[in-house]
Amino acid sequence: MEQRRPLPHLSGRPVVTDGGLETDLIFHHGVDLPDFAAFPLVDDERGRELLLDYYRDYIGIAVRVGADVQLETPTWRASGDWGDRLGFSAAELCRANRDSVALLDRLRDEVGLESMLVSGCLGPRGDGYSAGDVVDPDSAAAYHTPQIEAFAEAGVDLVTVLTLTGTGEAVGIVRAARAAGLPVAVSFTVEQDGRLPDGTPLSEAITTVDAEAAPDYFMVNCAHPSHIAQALTTAGDWCSRVVGLRANASARSHEELDTATDLDEGDPVELARAQDALRPRLPNLALVGGCCGTDARHVAAMWDRVLPSAGSSA
């Protein structure tokens, strides 16, 4: 089996990850992303340059503060149902997923940052902002296996599924990643009350998935720190399993964000302060980045609070 890079955040080393790729491209660069899908940009020279410029900003933050960096491929929507909607065949999707990994591999070589981690990014089969039907783990494993196998063939360091709304799909994805021999991280999203969109408390979701198919670690993404704080009112050992956060810039609900025509960027410093306030309840938090509405300004502000001495000396 291929030797993969170790995951430094599992031993507590700070790791920068990126921000809200899709909202950054749409609102700051005027890019049209049907169905919020960024992976088609990999097929276009201008699109590839936009992606590389986006990723370089986060590498710069990591270098400045002396942290490692983990970058997600632009493939949150590069799975079967979404590919069908966008006119991509199964073979074309497989190629797009492999090419997305190759893009970040070339960037790693370009910047000479051997420790950089490339994570194959998965998204939910459904919307991501609404729970939808209960997902059977076996069906989820079958659905996500082609994308995971494409990542494995391309040599990713791990796979990360972002914005999950229920536990069944999480269990299936972990099983599929294990079958492909890949480390895997599971990231749930929560509503303003701190519960998953299907109503499950975050604590219950994490303990349920851990009991059935433990991933390497958990994350929370696509929620404002004030929403995540509601989930952390239930203390317990489960909190130690949350290693990463990717917060939204906006405190709006998912329903409000889904219908918004403007970008609520919030205030980067206030966002960083609100996220930093969660640290006492998350003892193993090491991987920090952003989600919808955030860009490199927000993530830089977060890391200036995480590693203030390194940030101020740069």
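Within the stretch 180-187, one or more residues are touching a Gly at 6+ places or on another chain (Cβ under 8 Å) and either hydrophobic (A, V, I, L, M, F, W, C) or in a loop (DSSP other than H, G, I, E, B) (or both). Among the residues of the stretch 214-229, the ones that are touching a residue at least 60 places away in the same chain (Cβ under 8 Å) and closer than 14 Å to ARG281 by Cα come to 1 in all. The residues on offer are ALA205, ALA235, ALA231, ALA213, and the sole one that is more than 19 Å from the chain's Cα centre (by Cα) and surrounded by 21 or more Cβ atoms within 10 Å (Cβ to Cβ) is ALA213. When the residues of the stretch 230-271 are filtered to those that are in contact (Cβ under 8 Å) with a residue 60 or more places away in the chain, of a type in the set (Gly, Ala, Ser) and in contact with a Ser or Thr (Cβ under 9 Å, 6 or more places away or on another chain), which remaining residue is farthest from GLN192 (Cα to Cα)? Restricting to residues being in contact (Cβ under 8 Å) with a residue 60 or more places away in the chain, of a type in the set (Gly, Ala, Ser) and in contact with a Ser or Thr (Cβ under 9 Å, 6 or more places away or on another chain), the top hit is GLY244. Hey, among the residues in the stretch 3-45 that are surrounded by fewer than 20 Cβ atoms within 10 Å (Cβ to Cβ) and polar (S, T, N, Q), which one's modelled with the lowest pLDDT? The selected residue is GLN3. If you go through the stretch 84-124 one residue at a time, how many are more than 19 Å from ARG4 (Cβ to Cβ) and more than 15 Å from the chain's Cα centre (by Cα)? Counting residues in the stretch 84-124 that are more than 19 Å from ARG4 (Cβ to Cβ) and more than 15 Å from the chain's Cα centre (by Cα) gives 17. If we scan the stretch 6-26, do we find a residue that is part of a loop (DSSP other than H, G, I, E, B), free of Cβ contacts under 8 Å to residues at least 60 places away in the same chain and over 26 Å from GLU92 (Cα atoms)? Yes, the conditions are met somewhere in the stretch 6-26. Looking at the stretch 108-123, which of the residues that are among the aliphatic types (A, V, I, L, M) and part of a loop (DSSP other than H, G, I, E, B) is surrounded by the most Cβ atoms within 10 Å (Cβ to Cβ)? Taking the candidates together, the pick is MET116. Among the residues of the stretch 178-192, is any within 21 Å of TYR143 (Cβ to Cβ), among the basic types (Lys, Arg), modelled with pLDDT of 95 or more and surrounded by 15 or more Cβ atoms within 10 Å (Cβ to Cβ)? Yes, the stretch 178-192 contains at least one residue that is within 21 Å of TYR143 (Cβ to Cβ), among the basic types (Lys, Arg), modelled with pLDDT of 95 or more and surrounded by 15 or more Cβ atoms within 10 Å (Cβ to Cβ). Looking only at the stretch 125-142, how many residues end up being at pLDDT below 95 and either more than 20 Å from PRO201 (Cα to Cα) or not aliphatic (A, V, I, L, M) (or both)? Summing the residues that are at pLDDT below 95 and either more than 20 Å from PRO201 (Cα to Cα) or not aliphatic (A, V, I, L, M) (or both) in the stretch 125-142 gives 7.
The residue list SER139, SER89 contains one member that is small (Gly, Ala, Ser) and over 20 Å from THR160 (Cα atoms), which is SER89. Among the residues here, ALA62 qualifies as assigned to a helix (DSSP H, G or I), closer than 23 Å to GLY266 by Cα and out of contact with any Ser or Thr (no Cβ under 7 Å at 6 or more places or on another chain). Residues in the stretch 66-107 that are without any contact (Cβ under 8 Å) to a residue 60 or more places away in the chain, of a type in the set (S, T, N, Q) and crowded, with 18+ Cβ neighbours inside 10 Å: ASN97 only. Of everything listed in (1) surrounded by fewer than 23 Cβ atoms within 10 Å (Cβ to Cβ); (2) under 19 Å from the mean Cα position of the chain (by Cα); (3) among the polar types (S, T, N, Q), the single unmet condition for ASN221 is (1).
The values are calculated or read from the model by the stated rules, or taken from the named source; none is laboratory data. Keep in mind it's a predicted model, so treat the numbers as computed, not measured. Cβ sites come from the backbone with ideal geometry, for glycine too, and all protein chains shown count toward neighbours.
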